[in-house]
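Let me begin by presenting the structure, written as structure tokens, before commenting on it.
The values are calculated or read from the model by the stated rules, or taken from the named source; none is laboratory data. Because the structure is a prediction, the values reported are computed rather than measured. Note that each Cβ is placed from the backbone with ideal geometry, even for glycine, and that neighbours are counted across all protein chains shown. With ligands, DNA and RNA removed, areas are computed over all heavy atoms of the protein, side chains included. Shrake-Rupley method; radii C 1.70, N 1.55, O 1.52, S 1.80 Å.
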Amino acid sequence: LDHDPVRIYHWVRNHVEWLPTWGAWQDAALTLSAKRGNSLDIAGLTLALLRAAGIPARYAHGTIEVSAEQFTHWVGDFADVAAAWEYASVGGIPTTAVTAGGKIARIRLEHVWVEAALDYWPSRGARNRAADRWVALDPSYKQYQYRQGLDLLAITGLDPDQLAQSFLASGTVNDHEGWIAGLDPSILQNAQSEAHQSLDAYIQNQLTEPTLGAVIGGRKIIAQDAPVLPSGLPYKRLVTGARYGTLPDALRHRMRLGFDTETRTYPWAMLNNRRLTLSFKPATEADAAVLQALLPEGEVTDLSQLPQRLPAYLIEVVPQLKLAGEVIASGRPMGLGEELPFTFQTL
């Protein structure tokens with residue numbers, strides 16, 4: 001992407017899917033690798049790319065308004081805007097429906113986008129030499145093309161009800177005592193094999209250059225490319241409430257972790273897709289010596305070589321919470337078998 005703000009904006013817009021949820025879940029690296037995220041995740045990725053290119057950028061947080069039709073296609077393949085509105089609300093996005101003539105005409109929602117300091121006039125970012133204004137950008141907003149996929153039952157001729165009846169009839173079903181025995185698995189195996197052959201033949205004979213999307217369905221971003229940046233946001237911006245260099249905790253999903261003596265709060269974006277482990281180490285050198293004395297000499301190659309019992313009253317350990325191999329919290333020394341006061345709370 002080099003240092004071109006136009007290419008950065010269009011690449012993120014055309015390659016990263018928007019998820020209708022609220023609150024930052026991912027960091028920029030995870031959003032880039034997954035190629036999907038909500039508005040805050042996508043804004044974070046866009047900021048990271050712009051800043052890596054030496055372009056100042058910040059978050060903008062406010063309220064926007066989108067037409068019912070645009071909102072429906074943005075959120076998902078729903079039959080009507082009411083279903084799309086409910087789905088977005090379940091995802092935690094603060095939304096309000098605006099009615100006209102007894103119908104939902106527009107949706108107002110809380111949203112986060114990006115502002116970048118760019119050389120906007122007169123080239124609209126095509127030649128970025130000296131910044132002359134903050135430009136509002138939102139690559140999270142896009143429209144999609146939805147594919148239904150193949151009708152597998154029609155193509156294969158499979159009757160699920162008949163298959164289930166045949167399978168149950170192959171064995172013995174005792175409804176009174178609640179048990180089933182003697183079912184013939186070959187009935188399901190043969191049906192699966194025949195369906196696979198029918199589907200394969202249909203794909204080979206009826207589809208030209210078949211793709212995964214054409215077979216199973218799904219959605220595809222309607223790409224938009226231009227040599228310049230857009231002239232404004234693709235929706236009506238009602239109010240810009242705040243601007244941030246980094247997201248405040250109120251806009252992040254967080255988790256509190258630790259023990260009774262030490263707890264810390266971390267953003268989900270820091271924990272997401274990273275290894276989080278709970279382990280224990282000997283509390284003192286004497287505890288380590290006791291454990292070492294109980295181990296067999298030489299290399300342990302089988303679990304049966306390990307002792308079946310441990311003198312718990314002689315050994316104390318310290319619980320440790322590690323993130324990607326680094327200790328982030330330690331508990332007090334405790335005896336083996338003692339209850340661990342562990343905190344695991346989402347915020």
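Normalised by the number of residues in the stretch 5-138, the average gap of Cα pairs under 8 Å and 6 or more apart makes the relative contact order 24 percent.
Can you grab the distance from the C-alpha centre of the stretch 294-325 to the C-alpha centre of the stretch 192-259, Å, no decimals? Comparing the Cα centres of the stretch 294-325 and the stretch 192-259, I get a distance of 47 Å.
Taking every protein chain into account, the accessible area of the stretch 224-347 amounts to 66 square angstrom per residue (probe 1.4 Å). For the chain, lysine pairs separated by 8 or more sequence positions, or belonging to different chains, with Cα-Cα distances below 16 Å total 5. The string of couplings for the stretch 303-316 from the Karplus curve (6.51, -1.76, 1.60, θ = phi - 60°) is 4, 5, 6, 6, x, 7, 9, 10, x, 4, 5, 9, 10, 10 Hz, one whole number per residue in order, with x for Gly and Pro.
Averaged over its residues, the stretch 51-197 has an accessible area of 57 Å² per residue, based on protein heavy atoms and a 1.4 Å probe. Spin-label model, ARG237/ALA293: points 7 Å from Cα along the beta carbon direction are separated by 7.2 nm.
The share of accessible area on the chain that comes from carbon and sulfur is 52 percent, using a 1.4 angstrom probe.
Expressed per residue, the C-alpha convex hull volume of the chain stands at 301 Å³.
Taking GluC sites (Glu not before Pro) as exposed when DSSP calls them loop and at most 13 other C-beta atoms lie within 10 angstrom, the chain has its longest site-free stretch at 1-176. Per residue, the chain reaches -8500 deg cm²/dmol at 222 nm when only DSSP H runs of four or more residues are counted, each adding -39500 (n - 2.57).
Considered as an equivalent ellipsoid built on the Cα gyration tensor, the stretch 119-225 has semi-axes of 56, 20, 10 Å, the largest given first.
Whole Å is fine, so just give me how far the alpha carbon centre of the stretch 7-30 lies from that of the stretch 140-188. Measuring centre to centre over Cα atoms gives 37 Å. What shape does the stretch 272-347 have by the C-alpha gyration tensor, where a ≥ b ≥ c are the square roots of the eigenvalues, rounded means a/c under 1.5, and otherwise prolate means a/b greater than b/c and oblate the rest? It comes out prolate by the Cα gyration axes.
Taking the stretch 216-347 as the region of interest, what is the percent of Cα-Cα pairs per 10 angstrom bin, listed from the shortest bin to the one with the maximum distance? Bin by bin from 0 Å, the calculated values are 9, 23, 22, 17, 11, 9, 8, 1. Of the peptides 21-30, 237-246, the ranking by mean beta-carbon count within 10 Å, highest at the top, reads 21-30, 237-246.
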